[in-house]
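Right, one structure below, let's go through it.
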Amino acid sequence: MTIALVWFRQNLRLKDNPPLYFACEQADAVQAAYLYSDVPTYARPRGGASRWALHQALNSLSKRIESTFENQSLYVEKTDNVLASLLRLVEATGASVVYTEKRWEQGERLLEAKLKDALASRGVELKCYNASLLQAASAGCKADGTPYLVFTPYWKAQVKGFQENLRPVLELPRHMPPLQTPLPTTSVDTIELMPKIAWHTDMQAEWNLSEAGGQVLLDRFLHQAISNYKDDRNLPAVEGTSRLSPYLHFGVMSVTDIFKQALELKQSNLGASANASIETFLSELGWREFAHHLLYFHPQMPSKPLKASFEAFPWQADDALLTAWQSGQTGYPLVDAGMRELWSRGWMHNRVRMVVGSLLVKHFLQPWQAGESWFWDTLIDADVASNAMGWQWISGCGADASPYFRVFNPIMQSQKFDCEGAYIRQWVPELAKVPTEHLHAPWELGEHELKYYGVVLGETYPFPQVEHPFGRKRALEALASLKT
C-alpha cells in the first residue's frame with residue numbers, strides 16, 4: 001500500500017496542482033499538509049499584508065479540500081524547523097513518498113536537498129514538480145550557458161518554447177483517498193497569521209483569495225479587458241490590468257492555465273489590436289519568469305545591487321523623507337494616491353509602482369532597499385523575485401535596468417496617465433475639489449485659490465518634499481559621482 005504525503009508550499013490550489021494530482025493518481029492513501037515557519041528560508045519573515053493574504057488563501061484551500069473530497073482535510077502546523085516537522089509527519093502517516101512542488105529560491109533548494117537525503121535514508125521517495133513557473137527558473141540560459149540579464153532577448157529566446165512546450169493543464173483529482181487514520185484536523189487560525197489590530201478591513205473587502213475569486217478576475221479580464229490591455233494597463237483609474245498577481249504569488253491560480261487561456265484567445269484571432277494586447281500580457285507573464293530566472297542565478301538580488309558599482313552610490317538616508325513617502329505625504333498627488341492605495345488595498349497599480357519608486361530613489365535619494373522592504377511588508381503580492389527585480393530596475397542598478405538618467409517626472413506621469421484625476425481624487429480626497437488642470441501640481445495655484453478649494457498647503461496637504469527640478473538635478477549629479 002502506497003501512502004503519500006502532499007506537502008503544500010506556495011501553490012495553494014486544487015486545479016492544475018501537479019503534486020496533488022499525481023499523488024491522488026498514484027497512491028492508495030493521501031494526506032495533505034502545510035507547514036508555516038516564522039524562520040523562512042529566504043532569511044526574513046513575511047510582511048504583514050502577505051501574512052493576511054496567506055491566511056485567506058490557506059483558509060480557502062482547507063475548506064475546498066474538505067468540501068471536495070470525502071473524509072479529507074488539510075493538516076496545518078506552525079513550526080520552527082520545517083525539515084524536522086516533515087520527517088515527523090512522514091513517520092506519523094507511514095508515508096513512503098512525499099509529493100511537493102519545486103521552489104527556486106536558494107534557501108528552499110537547500111531545504112529540498114536536505115529533505116531528499118533525509119527521506120532517502122528512511123527509504124522514502126521525494127517527488128518534486130514545477131508548479132509555479134512556465135519553466136524551471138534554472139532553464140532558459142544563453143547558448144554559452146550563462147543567464148540572461150536583459151529581458152527582451154530572454155523573452156525572444158523563450159516565448160516560442162513557452163508556447164510549444166506548455167505542459168497540459170491538470171484537472172481536479174478524481175478522488176483523494178484518505179488515510180485509515182488521518183492526521184488530526186487543524187485550523188488555519190492556529191498558525192496566527194491574522195493581524196491583532198484590524199487594519200485589514202479594506203483588504204478584506206477588496207480581495208477574495210480563493211480559486212473561485214481568481215477565476216472571476218481571470219474571466220473578467222479575458223472577456224472584457226485584455227483586448228485593450230496594451231494601453232489601459234497604464235491607466236490607474238481604469239480596470240485595465242488582470243490584478244492576478246496575488247493569485248499567482250500564492251499559487252491560487254496556475255500560471256500555466258492563465259498562459260494557456262490567453263494564448264488560445266490570441267489564436268482565435270480577435271484582430272491585430274487585440275492580439276497585440278494579448279502578446280503584451282503574455283510578455284508580462286514572461287517578466288515574472290525572468291524575475292525568478294534572475295533570482296536563481298543571483299540569490300543576493302533582494303539586498304545587493306546586481307551592478308556592483310552601485311554599492312558606492314551616495315544615498316542620503318533620511319527617515320523623515322522615507323516616512324513621508326510611506327504615508328502618502330510627498331506632495332506629489334499621483335505618488336501619494338499610490339502609496340495610500342497600497343496601505344489600504346495591499347496592492348498598487350503597476351504604472352504607479354514605477355512612479356513612486358522613482359520618486360523615492362531619485363528625487364529623495366533614499367536607498368532602493370528601503371522601498372523594497374516597505375513593499376515587502378505592505379504588498380499582498382510581495383514576491384521575493386519580482387519585488388527585488390522591480391526595485392533594482394527603477395534604481396538603475398539591476399538587470400535590464402531603467403537608465404538612471406531616466407527620472408520619472410511625477411507631474412507629467414500624473415497628467416499623462418491620470419489625466420482626468422479620477423485616481424487621485426479617489427485616494428487623495430483632500431484635493432478632490434481642485435480643478436483637473438491644477439490637480440497634478442496644486443502648488444502652482446495661489447494661496448487664496450487653493451483655500452477656495454479647501455486646500456491649505458502645509459496643513460491639509462503638503463508642499464512637495466523635494467521639488468522636481470532640484471530632485472532630478474541632484475539624482476544626475478549623484479550618478480555622475482558614481483562614474484568617477
| query | Quick one: which of LYS230/LYS266; LYS142/LYS304; LYS15/LYS63; LYS304/LYS473; LYS15/LYS156 span more than 18 angstrom between C-alpha atoms? | reply | LYS142/LYS304; LYS304/LYS473; LYS15/LYS156
| task | In nm, give the distance between the simple-model label positions of GLU264 and LEU457, each being 7 Å from the Cα along the Cα-to-Cβ direction. | result | 5.5
| message | Quick check for me: using +1 on Lys/Arg Cβ and -1 on Asp/Glu Cβ, what's the dipole size of the chain about its Cα centre, in debye to the nearest 20? | response | 860
| query | If you keep only loop residues by DSSP, which trypsin sites (Lys or Arg not before Pro) in segment 173-239 have at most 16 other Cβ atoms within 10 Å of their Cβ? | reply | ARG174, LYS196
| Say the dipole of the chain comes from +1 at the beta carbon of Lys and Arg and -1 at that of Asp and Glu; which of LEU14, THR378, SER138 then lies farthest toward its positive end? | SER138
| request: On a C-alpha basis, how far is the centre of segment 129-145 from the centre of segment 438-478 in Å? Whole number, if you could? | output: 47
| remark: Highest mean packing first, using Cβ neighbours within 10 angstrom, the peptides 55-67, 426-438 sort as 55-67, 426-438
| message | What whole-number distance in Å separates the alpha-carbon centres of segment 289-313 and segment 191-233? | response | 29
| field | Lys, Arg +1 and Asp, Glu -1 on Cβ, resulting dipole of segment 440-479 about Cα centre, debye, nearest 20 | value | 200
| field | segment 3-132, dipole about Cα centre (Lys/Arg Cβ +1, Asp/Glu Cβ -1), debye to the nearest 20 | value | 420
| request: Would you give the gap between the C-alpha center of segment 45-65 and the C-alpha center of segment 250-274, rounded to a whole Å? | output: 26
| remark: Matching label for the computed semi-axes √(5λ) of the Cα gyration tensor in Å, out of (i) 31, 31, 22; (ii) 38, 35, 25; (iii) 42, 24, 23, is (iii)
| task | Please give the helix 82-93 orientation as an angle from the longest Cα principal axis of the chain, in degrees from 0 to 90, rounded to the nearest 10. | result | 30
| request: Check cross-link reach from LYS307 to the aspartates and glutamates: straight Cα distance under 16 Å, and skip same-chain residues fewer than eight apart. | output: ASP400
| request: Can you find, among MET339, PRO147, MET176, the residue farthest towards the positive end of the dipole of the chain? Put +1 on the C-beta of Lys and Arg, -1 on that of Asp and Glu. | output: PRO147
| query | Peptides 455-464, 280-289: what's the order by average Cβ count within 10 Å, highest mean first? | reply | 280-289, 455-464
| note | By the mean-Cβ-within-10 Å protection proxy, highest first, 298-309, 178-189 rank as 298-309, 178-189
| Listed residues HIS200, LEU476, PRO442: farthest to the positive end of the dipole of the chain (Cβ charges) | LEU476
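The numbers here are math on the coordinates, done by the rules we state, and not lab data. Computed from a prediction, not measured in an experiment: that's the story for all the values here. Cβ coordinates were reconstructed from backbone atoms using ideal geometry, including for glycine residues, and neighbour counts include every protein chain displayed.
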